[in-house]
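Every number in this text was worked out from the coordinates using simple rules, so none of it is lab data. Keep in mind that what you see is a predicted model, and the values were worked out from it rather than measured. Reconstructed Cβ throughout: ideal geometry from the backbone, glycine too, with neighbour counts over all protein chains shown.
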Amino acid sequence: MQRYFSIVLILILFFSCNKIENHKSLNQEDITFIKSLKLLEGDETIYKFYSENTNETAGNFFTNRRVATYWIDKRNAERNETNSAFFNEIIKIDAVYKAGPTYCPYAVITRKDGSNFKVYVDGNKKEIKLFFKDLIFEWKKKRTK
């Protein structure tokens, strides 16, 4: 019986994983919500987006101008958190692929003022690596503009 329970649990976790999205796969409601958080302006395009929950409660993404993350706690607004940095404000991006068995891989975004925040992403190894590679490429391309 325990073996059956373990298999069912693994299958649920496997099939419930969120996927990395882009501006074409996000719906207009998601875009409007992110704009309401002041993390997206009219002329920005989301290149890659990942949510470790629902898009209304969590998001990690980068655009043609910045990288951002948010966590919205529907039960306690004091726990809400939003962070973003435009590429020209960032001095370093460090990707952490092996964050332990209970955490998603993440990138530490360090601003010129020394503050930092984390952007989380999960999926298969290839997708995760491509997310971080594309983020770093975009940052290097646009950080001096």
Fewest-first ordering of Asp134, Asp113 by Cβ atoms within 10 Å yields Asp113, Asp134
Summing -39500 (n - 2.57) over every DSSP H run of at least 4 residues in the chain and dividing by its residue count gives a helix-only mean residue ellipticity at 222 nm, to the nearest 500 deg cm²/dmol, of -9000 deg cm²/dmol
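Is the shape of the chain best called rounded, prolate or oblate, per the rule: a/c under 1.5 gives rounded, else a/b larger than b/c gives prolate, else oblate, with a ≥ b ≥ c the square roots of the Cα gyration tensor eigenvalues?
Prolate, since a/c reaches 1.5 and a/b exceeds b/c.
Quick one: of Lys92/Lys129; Lys19/Lys141; Lys35/Lys98; Lys98/Lys126; Lys118/Lys140, which pairs are farther than 20 Å apart, Cα to Cα? Provide the component values of the computation, followed by the final result.
Details: Lys92/Lys129 17 Å; Lys19/Lys141 26 Å; Lys35/Lys98 31 Å; Lys98/Lys126 14 Å; Lys118/Lys140 18 Å.
With Cα atoms farther than 20 Å apart: Lys19/Lys141; Lys35/Lys98.
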Quarter of the surface of the C-alpha convex hull for region 69-145, i.e. direction-averaged projected area in nm², equals 6.2
